[in-house]
Amino acid sequence: MIEAATYSEIRDQLISGQLTCSLVTRSYLERILKYDNSRVFLEIFPEILDKAAEADKQIREGNIGKLTGMVIAIKDNISQKGRRVSASSSLDDGYEATDNATVIDRLLEEGALIIGRVSSDDFMFSNNGHSGELVTVSGTIEAVGAAAAVAQRYCMAAISTDSCGSIRLPASSCGVFGIKPTFGRVPRHGLISIVPSFDQIGPIARNNDDLLRILEVISGRDGDDIYSSGNQTPDFGNQRIFERKKTKIVCLSDFLYLPALAEEVRQRVLEVMQILQDEGVSVSTEAFGYVEQVLPVYYALSSCEASSTLSRFHGVIPGRNSEVCDQEVESLPGNEIRKRILAGTYILSNEKYREYFGQAGKIRKLLMQRMAELFGKYDFVLLPVAGNVAFSHPSTGDPLSLLEEDRFTVLANLTGLPAISIPAGRSSNGVPFGIQLLGPAFCENNLLQASGIFQAAAARHFDMNENKIL
């Protein structure tokens, strides 16, 4: 089955003419039409086969890009000129983008084939599907959009966004790879961003090599994004040889023994630590010290940003007539949106601004300082991606338990650091789940290589069989 192959596995065949982009793209389209009853895709782009034929022509003429023939899906909050983009919310339903996001231009320039846009949570409020469309993966778990599309072989990779783990947690639940780059590494021009100081664009794929190829293309300075970094984009494909015997990894012990962490997940993390040690990596444990502050700080700050940002879409502005404001909030389509707006408006009020927003900002700086201290001694931080294995149906879960799932992923967003979710086998009931590595700012090249080392080692210890193909 062509769609079972990764891009790295078939690229040479595409370049040599043994396979054609048209044939590969058609196989994905047929699979989507046959199996996508849960609506992973909100829209399939009708001209995709014409674009594939054009890519075949470019290959014959010797014009080959870094991603020529890679079939990619795009999350529904990234703009493509002349196409609808709604952030899976009725507030933006019907809006057509007037320009391409920078990442779209960069993908197209290197020959990527964008097959369609995939669903997300309503305005990206959640990372586990409890506020948006749910998609069954392998008959055992449910997820939203980008990760599900990759896991179900509807595309080779997907471009998603991560504000509190919404690349890494679905990737973990679906048994695929996902990386949240350093804040500023990937330009966000053309992104519908609800929590701007947290959001980052990143790829999801079924192997480490495909992540690497995509990240190299979409990274780099952009004049249309003042927050994009001027740091030189490394050649991810020609990284230095990783000196694993000199590598030091720390697992944060106070995260590892939180009551919210399921015993099965804890034991898997301990197994991973042992595997890494067997590979010659130095693995230590150390207390983080701010584990109880991470989640409240995230929700305080993100609610404030959401309250401010969403006023542009709906006119719900803090300080307006309370009766009018209440009516407007009630007309919003999602409970999670309402909660964020109300919480953010309350925190930003004159009476509560210093008590909550000011204090949360100070603690965020302490978190950054603490991570800088850790990376002065260690190369990477090891954490679970989530406290539990994948939900069977998150919308029926306890809301507080669902919030607890974010505790393990928001640290990377609060500190702006890169983090990658790596498959780590399956749970006792056959559901995939993963672990994550965090690294210093702009060290994605080392992070990806460390992921590759663990990927090879994990295959020798865990059940790494990919999701059942329908």
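The values are calculated or read from the model by the stated rules, or taken from the named source; none is laboratory data. Computed from a prediction, not measured in an experiment: that's the story for all the values here. Every residue, glycine as well, gets a Cβ built from its backbone with ideal geometry; the counts of neighbours run over all protein chains shown.
Figures for the structure shown
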| quantity | calculated |
| --- | --- |
| Answer residue from region 20-47, given it is free of Cβ contacts under 8 Å to residues at least 24 places away in the same chain and aliphatic (A, V, I, L, M) and is farthest from K57 (Cα to Cα) among those | L33 |
| Close pairs (6 angstrom Cβ cut-off, 6 or more residues apart or separate chains): closer than 19 Å to L258 by Cα and assigned to a helix (DSSP H, G or I) in region 289-315, among the acidic types (D, E) and modelled with pLDDT of 90 or more anywhere | V291/D254 |
| In region 35-77, residue nearest to I214 (Cα to Cα) [restricted to those that are aliphatic (A, V, I, L, M), in contact with an Asp or Glu (Cβ under 9 Å, 6 or more places away or on another chain) and outside any strand (DSSP E or B)] | L67 |
| Answer from P187, P181 - the residue that is at pLDDT 95 or above, more than 23 Å from D379 (Cβ to Cβ) and of a type outside the set (S, T, N, Q) | P187 |
| Candidates S172, S160, S166 - the one that is out of contact with any Asp or Glu (no Cβ under 9 Å at 6 or more places or on another chain), closer than 19 Å to V389 by Cβ and among the small types (G, A, S) | S172 |
| Selected residue (only one of L91, L107 is more than 19 Å from Y154 (Cβ to Cβ) and either modelled with pLDDT under 95 or under 19 Å from the mean Cα position of the chain (by Cα) (or both)) | L91 |
